[in-house]
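Enquirer: This is the structure, below, for whatever I ask next.
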């Protein structure tokens with residue numbers, strides 16, 4: 001994890017040294033992200049449940065205003081060990097993204113709220129689908145009007161059988177192409 005932090009910091013310093021571009025005020029965008037995910041099972045499986053893995057994300061959205069966007073995502077959260085079983089978790093979600101640009105510096109802070117479906121593939125038992133709430137926060141740097149790099153953290157939370165609050169989240173490095 002420390003190595004990932006160093007890599008992200010190095011990339012952000014490189015971006016800060018480059019000439020910044022003010023982000024586009026409107027338009028479509030696509031992006032991808034990689035990072036580290038964490039699964040928290042709220043005690044549902046005793047001490048066997050919490051685990052970490054790599055995560056991958058693709059997203060597409062439309063920036064409606066300078067301060068607001070709507071975004072769709074698919075996230076492969078990874079594979080986790082729960083007791084004696086392995087589970088694979090993926091999320092399909094829709095988000096409203098609030099954006100706070102820092103003038104013409106190329107930097108912006110963003111936060112998102114959303115909802116979606118969590119698909120839990122339990123080895124040997126099949127798929128379970130749950131509805132989940134989503135939230136996240138991040139910072140992005142626009143190297144050009146059409147390309148940006150960012151760091152963000154997201155969490156997806158759902159309730160299992162009205163007993164346990166399960167969640168999966170992660171921190172990731174993202175790239176985005178604006179049209």
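Enquirer: Please verify whether residue 143 is surrounded by 14 or more Cβ atoms within 10 Å (Cβ to Cβ), under 20 Å from residue 172 (Cα atoms), modelled with pLDDT under 95 and in contact with a helix residue (DSSP H, G or I) (Cβ under 9 Å, 6 or more places away or on another chain), treating the condition exactly as stated.
Expert: Against the criterion (surrounded by 14 or more Cβ atoms within 10 Å (Cβ to Cβ), under 20 Å from residue 172 (Cα atoms), modelled with pLDDT under 95 and in contact with a helix residue (DSSP H, G or I) (Cβ under 9 Å, 6 or more places away or on another chain)), residue 143 qualifies.
Enquirer: Wholly within the range 96-179, which strands (runs of 3 or more DSSP E) include no fewer than the required count, namely at least 3 residues that are without any contact (Cβ under 8 Å) to a residue 24 or more places away in the chain and more than 21 Å from residue 68 (Cα to Cα)?
Expert: In the range 96-179, 126-142 are the strands (runs of 3 or more DSSP E) which contain 3 or more residues that are without any contact (Cβ under 8 Å) to a residue 24 or more places away in the chain and more than 21 Å from residue 68 (Cα to Cα).
The values are calculated or read from the model by the stated rules, or taken from the named source; none is laboratory data. None of the values given here were measured: they were computed from a predicted structure. Using ideal geometry, Cβ is built from the backbone for each residue, glycine included, and neighbour counts are taken over all protein chains shown.
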